Amino acid sequence: MNIEALLEASYMNAIRRFLQENKREYDGRIHVSHVLQCLRRSYYEIKTPPETVPNFNLFIGIGIHELIEAILVRELSEYCGMIRNVYYEVEVSNGVCVGTPDLIIEFDDYRVVVDLKTTKYNLPNSKNKFAEKMLEKYIMQTVAYVHMTNSDFGILMFIKRQNGKPKFFRVERNDSIYREVISRCKRLKRALELDEEPEGEPDVFCEPYIDPKTGEKRGGCPFYDSCPYVRKLVKHEWW
Ligand code: SF4
């Protein structure tokens, strides 16, 4: 092996290892993030986890997120109390639902959940179906965290990937969204216990796209090809 080949192999391996270490392994508890997407997809991701491949975009996304969180914490610590890297659990009838907000800030008698999102979209953006669906999932997640941590409200902090500009979106407590999250946690847990796949919930993120430069499949659901719930012939009919 020459030195270039060694460098390339080490680089790819380092990315794969980083992603593997940052993977959320199923430990019997249902994480809020498991129920933000189609329950059928989460069911199969837990039962038959896809192999970790060196995905550069995902690597950059996680890396940037960690970096922004760390520098933000350093600055904010001069002004307010903070809690981070804590698991919040809620017992449900058939198990435990867990949430891991990025940051909880105690400021001016308020307790606020802050969730950082690096994104290529302008959010909110009702003209873009991907952005709209993404925002819906983020709101659901933040509402769950606000309730689980007994906070006053939540803030989604969007960082635009193209230029690093922040934008803020306030999320209020919402009992009905929180009940929906908890109910989805119970459904997923029951499906796993009974070995019964939940119904698919097709949306704009199901279908992979073909990279025009490389011809490779990117994004989309890893279980798309075998999914009876997506109608491949009438593309995007559910949008
Ligand atoms: S293709 Fe869509 S509906 Fe089917 S499992 Fe995946 S996310 Fe769910």
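Quick note: the coordinates plus some simple rules give every number you see, no bench work behind them. The structure presented is a predicted model; accordingly, all values stated were derived computationally and were not measured. Note: ideal-geometry Cβ built from the backbone for every residue, glycine included; neighbour counts use all protein chains shown.
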Could you rank the peptides 139-149, 25-35 by their average count of other C-beta atoms within 10 Å per residue, with the highest value first? 139-149, 25-35
Just check the stretch 143-239 against the gyration tensor rule for me: Cα atoms, a ≥ b ≥ c as the square roots of the eigenvalues, rounded for a/c under 1.5, and otherwise prolate or oblate depending on whether a/b exceeds b/c. oblate
Contact order relative to length of the chain, as percent, for alpha carbon pairs under 8 angstrom and 6 or more apart: 19
Ranked output for segments 46-53, 208-215, 89-96 by mean other Cβ atoms within 10 Å, highest leading, reads 89-96, 46-53, 208-215
Using R₀ = 22 Å, calculate the FRET efficiency as 1/(1 + (r/R₀)^6) where r is the Cβ-Cβ separation of Asp108 and Lys165; round to 0.05. 0.30
Residues Arg179 and Asp152, FRET efficiency given R0 of 22 Å [Cβ-Cβ distance, rounded to 0.05]: 0.70
For the chain, just run the numbers: alpha carbon Rg, then divide by 2.2 N^0.38 Å, N being how many residues it has. 1.09
Among the aspartates and glutamates, which have Cα under 15 Å from the Cα of Lys165 when same-chain residues fewer than 8 positions away are ignored? Glu69
As a check on your grasp of the helix formula, calculate [θ] at 222 nm for the chain: sum -39500 (n - 2.57) over DSSP H runs of n ≥ 4, divide by the residue count, round to the nearest 500. -12500 deg cm²/dmol
What distance in nm separates the two pseudo spin-label positions at Cys80 and Asp195, each 7 Å out from Cα along the beta-carbon direction? 4.9
If you put +1 on each Lys and Arg Cβ and -1 on each Asp and Glu Cβ, how big is the dipole of the chain around its Cα centre, in Debye rounded to 20? 720
